[in-house]
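A.B. asks: Sharing a structure, written as structure tokens. Questions coming.
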Amino acid sequence: MQINEHLSRFFEDRNNEISMRDYINFCLYSKNGFYNSENPFGKSGSFVTSPMISSLFGEIIALFLINLIQENALKSISIVEIGSGNGLLMLDIVRIFEKYRINAEFFSIEKAENNRKNLAKIFENKVKILEKIDDFNGNNPCFFITNELLDSYGVNQYIFKKDRWNMVKLRIEDGKIVQFADNNFDKSELEAYIERFYKNEKTPTVLEISRDQIDDFEHVCRIVNANSGGLIYFDYGYEKSPNTSTLQAILNHEKVNILQNPMQADITHLVNFSVFMQVFRKTVENYSALSCILQGEFLLQNGINELAEIYAKSSKNSDNIDKIRSSVRRLTSEMGDLFKVILGIKL
Ligand SMILES: C[S@@+](CC[C@H](N)C(=O)[O-])C[C@H]1O[C@@H](n2cnc3c(N)ncnc32)[C@H](O)[C@@H]1O
């Protein structure tokens, strides 16, 4: 394990005791963190996401949106992607909107500075780039799209053991990052979360909480409530808590310990979809649709097989045809069974 000087100083400045959320956020988003590194994405980076597997992913989302826009005769629409990464998904959406001559304003909200610089080059002024959701002023029907955004927020971890809650914290000991349980911590985040989401339900004994993640999602719901539109959030996670730590780190496509390779590995957690469903229900009045279904179901229901076959038929190259079909299998069966999508619409 290498603890670089930036991370050591981060610990030192906080008396060698930090929360899991601060650790994850520093490792991922500080100036020298994972998401500001040269190439975190794709085969040569640490992980591959659905938009990188095939442009069919973004095309199906774009066609789904166009259908909603036309059915509801919507004008002056904003399409907002949060957490664009390398921008492939937004590029596919813009291309399909242009193909069908659907007017919209496109926005990309991306936290990592290095990603924003790269996005500015590839979007060629077709998409406005913003740093955070607070920078977006929506006053038209807005559709928000995210893929693997929620799992990339730093979370605090709390564990109930021997009749009391403990907060997982980290310190450096003998040159290594180690975790320990603190039972004398500020309980405000934990208590507010339990009161809000587990009032009528048994509280799991392991909770992973990101206040920013919930605040940002609620902010998006408020915009949808005020302006109409909707949100489509793809991620991996659960509706019933697995009651265990779900934190994981990936380096060069392999799982590694979350405390090893800090700032080089991606660190994620499984998303608690039931929390976001509750926030949407509470925040968006008179919504027209809300569901949480498998990514595979969404793509199949919206015609990915049919679109893939149109491309396969027009391709003369058999390698290319195999590639199209195998990417559809990956998107709908392998990742399709692992990933879910929250779909919330107010029109
Ligand atoms: C796992 S990557 C996914 C990238 C892309 N959506 C894809 O599917 O390939 C997560 C992205 O979300 C960005 N991100 C994380 N938190 C964010 C936030 N609060 N606002 C905007 N972007 C954020 C990260 O910098 C990173 O680019």
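No value in this document is a laboratory result; all are computed from the given coordinates. Computed from a predicted model, the values in this text were never measured in an experiment. Note that we place each Cβ from the backbone using ideal geometry, even for glycine, and neighbour counts take in every protein chain shown.
A.B. asks: Would you mind pulling out the separation of the Cα centroids of the range 175-201 and the range 26-94, in Å?
C.D. replies: 32 Å
A.B. asks: Further, regarding this structure: Just to be sure I understand: of the beta bridges DSSP finds with both ends in the chain, what percent are antiparallel, rounded to 5?
C.D. replies: Numbers: 37 of 60 bridges.
Around 60 percent antiparallel, to the nearest 5.
A.B. asks: Could you work out how far the C-alpha centroid of the range 247-297 sits from that of the range 97-127, in angstrom?
C.D. replies: Cα centroid to Cα centroid, the span is 23 Å.
A.B. asks: Cβ under 12 Å from Ser288's Cβ, Ser288 left aside: what net charge do those residues give with Lys, Arg +1 and Asp, Glu -1? Mind dumping the intermediate values first?
C.D. replies: Details: positive: Lys346; negative: Glu71, Glu285.
Net of charged neighbours comes to -1.
A.B. asks: If you take all C-alpha pairs in the chain, what percent of them are over 36 Å apart?
C.D. replies: Numbers: 13238 of 60031 pairs.
Beyond 36 Å sits 22 percent of the P(r) for the chain.
A.B. asks: Still on this structure, I have one more. Quick one: the Cα spread of the range 246-347 along its three principal axes, in angstroms, biggest first?
C.D. replies: 48, 47, 18
A.B. asks: Taking the Kirkwood radius as the inverse of the mean 1/r across Cα pairs, report the Rg/Rh of the range 19-73.
C.D. replies: On the way: Rg = 17.3 Å, Rh = 14.0 Å.
Taking Rh as the inverse mean 1/r over Cα pairs, Rg/Rh reads 1.23.
A.B. asks: State which entries of Lys31/Lys126; Lys99/Lys126; Lys202/Lys340; Lys117/Lys340 exceed 21 angstrom in Cα-Cα distance in the structure shown. If you can, show how the numbers build up before the last one.
C.D. replies: Values: Lys31/Lys126 27 Å; Lys99/Lys126 14 Å; Lys202/Lys340 24 Å; Lys117/Lys340 30 Å.
Cα-Cα > 21 Å for Lys31/Lys126; Lys202/Lys340; Lys117/Lys340; rest within.
A.B. asks: Divide by every residue of the chain the summed helix terms, -39500 (n - 2.57) for each DSSP H run of at least 4, and state the resulting mean residue ellipticity at 222 nm, rounded to the nearest 500 deg cm²/dmol. Intermediate values should be presented prior to the final figure.
C.D. replies: Details: 13 runs with 134 residues, N = 347.
Only helices count here, giving -11500 deg cm²/dmol.
A.B. asks: Using a 10 angstrom cutoff on alpha carbons, build the Gaussian network for the chain and name the most mobile of Glu309, Glu59, Glu105.
C.D. replies: Fluctuation is largest for Glu309.
A.B. asks: In addition: Once the piece of chain linking Glu191 and Gln278 is laid out straight, how much longer is it, given 0.36 nm per residue of separation minus the C-alpha distance between them? Mind showing how you got there, number by number?
C.D. replies: Numbers: separation 87, 0.36 × 87 = 31.32 nm, distance 1.71 nm.
Stretched out fully, the Glu191 to Gln278 stretch lengthens by 29.6 nm.
A.B. asks: Put +1 on the Cβ of each Lys and Arg and -1 on the Cβ of each Asp and Glu in the range 228-303; which of Ile267, Gly303, Gln278 then has its Cα farthest toward the positive end of the dipole?
C.D. replies: Gln278
A.B. asks: Which residues make up the longest stretch of the chain clear of trypsin sites (Lys or Arg not before Pro) that lie in a DSSP loop with no more than 11 other Cβ atoms within 10 Å, not counting the sites? Mind showing how you got there, number by number?
C.D. replies: Numbers: sites that count: Lys31, Lys43, Lys75, Arg101, Lys162, Lys199, Lys202, Lys240, Lys316.
Of all site-free stretches, the longest is 241-315.
A.B. asks: Ok, one more. Could you work out which residue, out of Asn183, Asn32, Asn72, moves most in a Gaussian network model of the chain, that is, has the largest mean-square fluctuation with Cα springs under 10 Å?
C.D. replies: Asn72
A.B. asks: Size of the dipole of the chain about the Cα centre, Lys and Arg at +1 and Asp and Glu at -1 on the beta carbon, nothing else charged, in debye to 20?
C.D. replies: On the way: 40 positive and 46 negative charges, 95 e Å.
Using Cβ point charges on Lys, Arg, Asp and Glu, the chain gives about 460 debye.
A.B. asks: Given labels modelled 7 Å from the Cα in the Cβ direction, how far is it in nm from Ser314 to Glu12?
C.D. replies: 6.0 nm
A.B. asks: Now for a different question. Among the DSSP beta bridges whose two residues both lie in the range 161-312, what percent are antiparallel, rounded to the nearest 5?
C.D. replies: 90 percent
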